[in-house]
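No lab work stands behind these numbers, since they all come straight from the coordinates. It should be emphasised that the depicted structure is a prediction, and the values quoted were computed from it without experimental measurement. Here the Cβ positions follow ideal geometry from the backbone for every residue, glycine too, while neighbour counts run over all protein chains shown.
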Amino acid sequence: MKISVKDVPAEDIKCDALIIPLWEGQAPPRPIDSALGGLIKKVCASGEFKGRRAEALVLHTGSLIGPGRVLLAGLGKKGTGADDAMTRAGGASVKKLRGLASAALYTGTCGSVSPARFVEGALLGSYEFTAYKKSERKQLGALTVLAEPGKSLSSEIKYARTVARSVNFARDLVNTPAREMTPTALVRAARSIKGITVRVLDRAAARKLGMDSYLSVSGGSAEPPRFILASYKGRGAAARPTVLVGKSVTFDSGGLSLKPASSMETMKYDMAGGAAVLGAVKAASELKLKVNLVALLPATENLPGGASPNKPGDVVRAMDGTTIEVLNTDAEGRLALADAIAYAAKKLKPASIIDIATLTGACNVALGAEAMALMGNDDGLIKAIARAGEQVHERAWHMPLYEEYAEYIKGDIADIRNISRRRSGGLVTAGFFLKRFAGDTPWAHLDIAGTAWADKPGPYTAKGATGIGVRLLMNYIASL
Ligand code: BES
Ligand code: ZN
Ligand code: ZN
């Protein structure tokens, strides 16, 4: 979809549809409504349009004004979640206008909410994963924002457009089936990003560094593991990087602790954390942000196999020397992340480490699809991440990492074990497991198991990969 900004009166612009965002009970813009003989007022008064969140009603205009149609886009009650209401309206509008060539956005009713949020929703809402389809649905062709093309609006729209495209980039990576989206394909994806440096550790290089915990996950697989380091450093950025670690298990069968068939169906999305960090680095690079970022993707498959799969009861050693009893080979994410976090803490002198991972089914149980779980060792970092998430409606809910959890994962013959001794607390014990590898470095952990995949489409998401994390991470990074 082409996006532009123009200063033209809404009644005059020639396009297929004029989009008018309206809060519940808000009066329509008078010049447009009177040109239409009071039509909008009438559908509002009759209750045919209420202005509910993500509501969208199309009216044909005859030739009374330039645009062939008016689309009334509901924003809901004014006040609560206004920014996200605009993003939703953007998504709902483009879904309604699918197949048309051009639309224009009337901005006089937006109030204090940036029209850039509408653009974001429009680009996210028109996403479809088409790689394997013979025919694709035609999306809206172009969107013109009707406003004075001031500098601040254009830079807000540029930001929104860049971030939304990076979310869609991440969605594509996650939606691509595991037979194609292998660790090696993730390397190609990283190398496709302009303005960044990509380094890759193969098995031998990772072994040299002592990443036995990470490598043990790939022992059953014929696809070679790839530990990806993708760095972006803006001009004048801080010396210490913010390290983003993304879980990148390109397929999680559970390994010898095999998952039931139905739980395995969607496990290509176990690299959604890796996709999110690549999306963030891509957007940061395209926007030339003044930040120092390193993304780490310890990519591997998790399969049973004849070579040397993890066997329940095995002991592996992470690169910081910690020994781990692998009692369940399906708790593989933490094994890979342990070495990535230890690598960051030891080798990269980071300002902070943020990991993002589809780590536990327990996260899904606790929070469903409404929030990711947030844990960490630094209150300031946790607060900043929670705030960044709230602002873009990628909500992150803080969970505790009490010292008492140490006993849950204490090993019998090794330092720790990769699953809890108890049935309860699966979300926080996974976080607690990761904590020790960060040492003194400020660290935060985001569990996106419940939010990275959608069973049904939303106003600005499609069924499948959501691309969650890109907007939160970008909002956090942009605040640095
Ligand atoms: N990738 C899964 C977590 C997951 C589950 C993500 C459902 C998305 C949806 C992870 O590797 C896993 O299997 N975790 C186990 C841990 C358990 C064995 C302690 C789980 O959550 O069941
Ligand atoms: Zn698993
Ligand atoms: Zn997994």
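Reported count of residues in the stretch 208-261, each being in contact with a strand residue (DSSP E or B) (Cβ under 9 Å, 6 or more places away or on another chain) and free of Cβ contacts under 8 Å to residues at least 12 places away in the same chain, is 1.
Is at least one residue of the stretch 198-217 of a type in the set (Ser, Thr, Tyr) and farther than 17 Å from residue 341 by Cα? No: zero hits. Elements of the type strands (runs of 3 or more DSSP E) sitting completely within the stretch 197-279 and holding at least 2 residues that are away from ligand 2 (no atom under 15 Å from the Cβ): these cover 197-201, 226-233, 242-246. Among the numbered conditions (1) part of a helix (DSSP H, G or I); (2) farther than 17 Å from residue 479 by Cβ; (3) more than 16 Å from ligand 2 (Cβ to nearest atom), the only one that residue 364 does not meet is (3). Within the stretch 323-343, is there a residue that is more than 22 Å from residue 466 (Cβ to Cβ), surrounded by fewer than 19 Cβ atoms within 10 Å (Cβ to Cβ) and away from ligand 2 (no atom under 16 Å from the Cβ)? Within the stretch 323-343 (the criterion being more than 22 Å from residue 466 (Cβ to Cβ), surrounded by fewer than 19 Cβ atoms within 10 Å (Cβ to Cβ) and away from ligand 2 (no atom under 16 Å from the Cβ)), the answer is yes, since at least one residue qualifies. For the stretch 304-323, the set of residues classified as in contact with a helix residue (DSSP H, G or I) (Cβ under 6 Å, 6 or more places away or on another chain), in a strand (DSSP E or B) and either among the hydroxyl-bearing types (Ser, Thr, Tyr) or within 16 Å of ligand 1 (Cβ to nearest atom) (or both) consists of 316 only. When residue 58 is tested against the conditions (1) crowded, with 20+ Cβ neighbours inside 10 Å; (2) outside any helix (DSSP H, G or I), the lone failure is (1).
The one condition from (1) within 26 Å of the chain's Cα centre (by Cα); (2) more than 26 Å from residue 120 (Cβ to Cβ); (3) surrounded by 19 or more Cβ atoms within 10 Å (Cβ to Cβ) that residue 309 does not meet is (1).
For the condition outside any helix (DSSP H, G or I) and either farther than 20 Å from residue 275 by Cβ or touching a helix residue (DSSP H, G or I) at 6+ places or on another chain (Cβ under 6 Å) (or both), residue 370 qualifies.
Residue-by-condition table, conditions (1) of a type in the set (Asp, Glu); (2) crowded, with 17+ Cβ neighbours inside 10 Å; (3) more than 29 Å from the chain's Cα centre (by Cα):
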{"residue": "398", "(1), (2), (3)": "no, no, no"}
{"residue": "404", "(1), (2), (3)": "yes, no, yes"}
{"residue": "408", "(1), (2), (3)": "no, yes, yes"}
{"residue": "412", "(1), (2), (3)": "yes, no, yes"}
{"residue": "415", "(1), (2), (3)": "yes, no, yes"}
{"residue": "419", "(1), (2), (3)": "no, yes, no"}
{"residue": "422", "(1), (2), (3)": "no, no, yes"}
{"residue": "429", "(1), (2), (3)": "no, yes, no"}
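Would you pick out the residues in the stretch 241-255 that are more than 23 Å from residue 171 (Cβ to Cβ), within 14 Å of ligand 3 (Cβ to nearest atom) and either surrounded by fewer than 24 Cβ atoms within 10 Å (Cβ to Cβ) or of a type in the set (Phe, Trp, Tyr) (or both)? Matches in the stretch 241-255: 254 only. The residues of the stretch 361-406 that are under 18 Å from residue 419 (Cα atoms) and touching a Gly at 6+ places or on another chain (Cβ under 6 Å), listed by number, are 362, 363, 364, 375, 401.
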